[in-house]
Structures are given as structure tokens and as C-alpha cells.
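Below is one structure; the comments refer to it alone.
The values are calculated or read from the model by the stated rules, or taken from the named source; none is laboratory data. On a predicted model such as this, the values are computed, not experimentally measured, just so you know. Here the Cβ is made from the backbone with ideal geometry for all residues, glycine too, and neighbour counts use every protein chain on show. Surface accessibility is based on the protein's heavy atoms, side chains included, excluding ligands, DNA and RNA. Shrake-Rupley method; radii C 1.70, N 1.55, O 1.52, S 1.80 Å.
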Amino acid sequence: MTGPLKSVFGPMSGEVSLHMDAPPEKVWALVSDVTRIGEFSPETFEAEWTRGSTGPEVGACFKGHVRRNGVGPTYWSPCRVTSCVPNEVFEFCVGNDEVTLNNWGYRLGGTGTGTTVTEYYRIEPNLPMRLYWVAFGHLRSRTNKRGMR
């Protein structure tokens, strides 16, 4: 998105990088095991593999149990793994089979003394999500970045 639309909608994405005193293999095991998401996320307090999926691979499905803004409402979100390179990247989209709402992921980079973990989100630029972003984007971006830290 460029020009006037970009300035109206703002960046519909964000990321936060942190250094972890652990090798990429150990960090990968944590971020790619969606059943442990409740240990780390301020909003998604549990998740489970669905549709016959049992672990991280492109196309694997899971659902996350979300408490919006950490206080409610509570609902299940269907997700699908879209990128999965062990010890490097784990990404998934949120939405149903017809419509993706947003994407979340982790990029890992070994540093010699641990791992730099970059968690990121990217909102899909369809019209409903653009309108949502105009109304709530500033607040949502702040909440997402605080939660990623």
C-alpha cells in the first residue's frame, strides 16, 4: 500500500526483536509448539492442533483460544501454518478457509550468544481489515507490541 492510503491506514504491521540466552533450537521448540502459547501470550491462553494436525508444518491447522486485550471477549480463532523452517521461521495466518485476517510469526537468528527472536504481525489489507485499522489500528498496534515484548 502506498501514497495517501498508506498514510490513512498507517502501517498494518509491526515487529519486536528480543535477544534470548538460548540456542535457536530451544527457542524454535517453544514458538512452534502452539500448545504452549498460553505460557507466553497475554491474549491467547491456549491452543490445540486441529484437522488432524499434530505439529508444526506448512498447512497444519490449529485453533487459539483468545481473550481479547487480556480481559474479554473470549473466542476461538482458527489458524493455519504458512511458513515453517525449523530454527529459522514459524508463521501462521488467522482466519477461516475463505478469509485471512492477519498473520503472526517468529524469525530466529543465532547470535553466537543466543538467539535474536523477532515476533511480527501483518494485518491483511482487505477492506474490512483496513476499516478496522483506521478505527482501532493505533490502539491495536500498541497492544500487540506490548504483548510481543
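List the GluC sites (Glu not before Pro) within the range 72-127 that DSSP assigns to loop and that have no more than 13 neighbouring Cβ atoms inside 10 Å.
Glu98
Which residue fluctuates most in the GNM of the chain (Cα springs below 10 Å): Tyr120, Tyr75, Tyr106?
Looking only at Tyr120, Tyr75, Tyr106, the biggest GNM fluctuation is shown by Tyr75.
Can you tell me the order of 61-68, 124-131 when each peptide is scored by its average per-residue count of other Cβ atoms within 10 angstrom, highest first?
With the highest mean Cβ count within 10 Å placed first, the list reads 61-68, 124-131.
Go ahead and set up a Gaussian network model of the chain, Cα springs under 10 Å, then flag whichever of Arg51, Arg80, Arg36 fluctuates most.
In the Gaussian network model the winner is Arg51.
Given a 1.4 Å probe, how much area per residue of the chain is accessible, in Å²?
In whole numbers, the chain has 57 Å² accessible per residue.
Under 19 Å from a point 7 Å along the Cα-to-Cβ line of Phe136: which residues of the range 66-94 have their amide N that close?
Only 66-79, 93-94 pass the distance filter.
Each label point is 7 Å from the Cα along the Cα-to-Cβ direction; what then is the distance between the points at Thr118 and Glu98, in nm?
3.5
How many nm separate the modelled label positions at Ser83 and Cys61, each set 7 Å beyond the Cα in the direction of the Cβ?
Taking the simple label geometry, Ser83 and Cys61 are separated by 2.3 nm.
Tell me, what is the percent relative contact order of the range 74-149, built from C-alpha pairs under 8 Å that lie six or more residues apart?
18
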